[in-house]
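Below: the structure, in structure tokens.
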Amino acid sequence: MAENPTSPEVREHDRLVIGGVLVAPAGDETIEVVSPHTEQVIGRVPHASRADVDHAVAVARQAFDEGPWPRTGLEERLAVCERIKDGIAARAEEIARCISSENGSPFSWSILAQAYGPMMIWDAAIATARGFAFEEHRAGVLNPLLVRREPVGVVAAVVPWNVPQFVAAAKLAPALIAGCTVILKPSPETPLDSYILAEICAAAGLPEGVLSILPADREVSEYLVGHPGIDKISFTGSVPAGRRIMEVASRNLTRITLELGGKSAAILLPDADLGAAVDNLMGSAYMNNGQACVAQTRILAPRAQYDEIADRLVAAVGALVVGDPLDAATQVGPLVARRQQQRNLDYIRLGQEEGAKVLTGGCVPAAQPTGWYVEPTLLGGVDNRMRVAREEIFGPVVCLIPYEDEADALRIANDSDYGLSGSVWCGDVEHGIDIARQVRTGTYSVNTFGLDFLGPFGGFKNSGIGREFGPEGLASFLEDKTIHLPQGYVPPQPPSPERETGGEG
């Protein structure tokens, strides 16, 4: 099902993937993909229309209601998912380079997060499914019970441009394992890599009808999530978009999972190893050019050590290598679009107007006259009431905030509309765990930073609703059903393999 580019420079696709089959779009509108480094067109794909959404939903609906996938045994579904994971592994460098070309993610980071990360997500989802209770017997109060978890139905998976394959894997892997059919809606900025994924899924033996991929803008996306044929929406993106999806989904009582923004705080305690902390913060604050919802964009420093910490951070941020995202030496590439570049520059100016100081960076790099670049920037003397400390900038702009004592640090960390991630850097891990218990975020790290795909990921407050990864993420694509059984019923021993593994949808 592969479509070859028409030239080495530009990837051209003239068809949509609906039900795993390349089909002509209903309209003639296209999406041009522009390199954030060269500002030149690097690809074109069809822009899905409402008619294409109707077609994809009908195909997914039939595949779920009548097709084999939800009724296939779990092990057979897992075998297909294993082959998808292997397909990603075989094309990891191609995927990483494609995404770096689309969104400016440095290749050195992209190969890990945009390719190997999705492989790990698929692997973890498979492992989670093998230990998941799709059916269980309970004693009940009056009668014995059989509790089943069945696939939720047709899923609309809406993914962002910053880590498109990572987020696609977080939604697609558990949805397919559960037995759902999926319509994947990639961002207009990064639709090219989704065609690679479609080829991988087809080669892996995913049945026709199970997966559609519809690149589109917000208007068509809203039509998709409001479609009455959709049973579940899984969305990753901005808070305003999440609010709108929640409003639209409420009309049909469509199930939703929302993974939204963050303004995470890294607390440096007085006994922290500052060298190790600062080295780690370069990765967790400026990763993916700062275009990460979990980025540690507020660094909280004890006032007595503020100057020392500021000096260390200035030296580390100033040493970051800025340049072509496909250059292996690059650590910070361009932002995805001109609008994001201007947004970051506007926030830097706003921060200065509010009283913050640019300790390093703050401008467009002189060495990068072409492309949507912003220097890695550290704002010092930030008060947590400033907009730069409260609003998600989504770029390489980090705030350094002084605090008086531990209670003040906790107050500042929790004084946010967001609650997605965070970290504490300290000399005593047990004390760090105590800090972690007091910060209201969905994930937290002590003397490290990261995500683990066997544990739940999601946010408190405006950072979202629901969880991805682990059994919690798989459960979000399942509906619970209770079957009441007569008194005296004793289940057969041992249970049949099909029922033990949730073999029927």
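The values are calculated or read from the model by the stated rules, or taken from the named source; none is laboratory data. If you're wondering where the values come from, they're calculated on a predicted model, not measured in any experiment. As a convention, Cβ positions derive from the backbone with ideal geometry for all residues, glycine included, and neighbour counts pool all protein chains shown.
Key figures
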quantity: Helices (runs of 4 or more DSSP H) fully within segment 127-230 counting 1 or more residues that are over 19 Å from Val53 (Cα atoms); calculated: 164-178, 192-203
quantity: Conditions (1) touching a strand residue (DSSP E or B) at 6+ places or on another chain (Cβ under 6 Å); (2) surrounded by 22 or more Cβ atoms within 10 Å (Cβ to Cβ); number of the one not met by Leu420; calculated: (1)
quantity: Number of the exception - Leu359 against (1) over 23 Å from the mean Cα position of the chain (by Cα); (2) not in a strand (DSSP E or B); calculated: (2)
quantity: Residues satisfying the stated conditions in segment 135-149, i.e. touching a strand residue (DSSP E or B) at 6+ places or on another chain (Cβ under 8 Å) and of a type in the set (Val, Ile, Thr); calculated: Val147
quantity: Val321 vs. criteria hydrophobic (A, V, I, L, M, F, W, C), free of Cβ contacts under 8 Å to residues at least 40 places away in the same chain, under 30 Å from Ile99 (Cβ atoms) and crowded, with 17+ Cβ neighbours inside 10 Å; calculated: no
quantity: Among (1) in contact (Cβ under 8 Å) with a residue 24 or more places away in the chain; (2) loosely packed, with under 15 Cβ neighbours inside 10 Å; (3) over 17 Å from Arg312 (Cβ atoms), the one test that Lys357 misses; calculated: (3)
quantity: Residue among Phe64, Phe132 that alone is over 30 Å from His37 (Cα atoms), surrounded by 17 or more Cβ atoms within 10 Å (Cβ to Cβ) and in contact with a strand residue (DSSP E or B) (Cβ under 6 Å, 6 or more places away or on another chain); calculated: Phe64
quantity: Segment 29-50 residues that are surrounded by fewer than 16 Cβ atoms within 10 Å (Cβ to Cβ), paired with ones that are among the acidic types (Asp, Glu) and not in a loop (DSSP other than H, G, I, E, B) (beta carbon under 7 Å, 6 or more apart); calculated: Val41/Glu32
quantity: Residue tally, condition surrounded by fewer than 17 Cβ atoms within 10 Å (Cβ to Cβ) and touching a His at 6+ places or on another chain (Cβ under 8 Å), over segment 135-144; calculated: 2
quantity: Pro369 closer than 30 Å to Cys98 by Cα, surrounded by fewer than 23 Cβ atoms within 10 Å (Cβ to Cβ), in the same structural domain as Asn280 (by TED's automatic domain parsing) and at pLDDT below 95; calculated: yes
quantity: Complete set of residues in segment 265-280 that are free of Cβ contacts under 8 Å to residues at least 60 places away in the same chain and either in a strand (DSSP E or B) or closer than 29 Å to Pro325 by Cβ (or both); calculated: Gly275, Val278, Asp279
quantity: Val59 vs. criteria free of Cβ contacts under 8 Å to residues at least 60 places away in the same chain and more than 25 Å from the chain's Cα centre (by Cα); calculated: no
quantity: Hits in segment 303-325 - residues which are over 30 Å from Leu260 (Cβ atoms) and either part of a loop (DSSP other than H, G, I, E, B) or in contact with an Asp or Glu (Cβ under 8 Å, 6 or more places away or on another chain) (or both); calculated: Arg303, Ala319, Val321, Gly323, Asp324
quantity: Residues within segment 292-318 that are surrounded by 20 or more Cβ atoms within 10 Å (Cβ to Cβ) and either within 22 Å of Trp109 (Cβ to Cβ) or small (Gly, Ala, Ser) (or both), tallied; calculated: 12
quantity: Residue under evaluation Gly262, criteria (1) part of a helix (DSSP H, G or I); (2) out of contact with any helix residue (DSSP H, G or I) (no Cβ under 9 Å at 6 or more places or on another chain); (3) buried (at least 23 other Cβ atoms within 10 Å of the Cβ), criterion not met; calculated: (1)
quantity: Breaking point among (1) buried (at least 24 other Cβ atoms within 10 Å of the Cβ); (2) closer than 22 Å to Asp231 by Cα; (3) of a type in the set (Val, Ile, Thr), for Ile95; calculated: (2)
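Quick grid of which residues meet (1) under 30 Å from Leu400 (Cα atoms); (2) modelled with pLDDT of 95 or more; (3) of a type outside the set (A, V, I, L, M, F, W, C); (4) more than 18 Å from the chain's Cα centre (by Cα):
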| position | (1), (2), (3), (4) |
| --- | --- |
| Val154 | no, yes, no, yes |
| Gly179 | no, yes, yes, yes |
| Leu192 | no, yes, no, no |
| Ala204 | no, yes, no, yes |
| Pro207 | no, yes, yes, yes |
| Ile233 | no, yes, no, no |
| Thr236 | yes, yes, yes, no |
| Val248 | no, yes, no, yes |
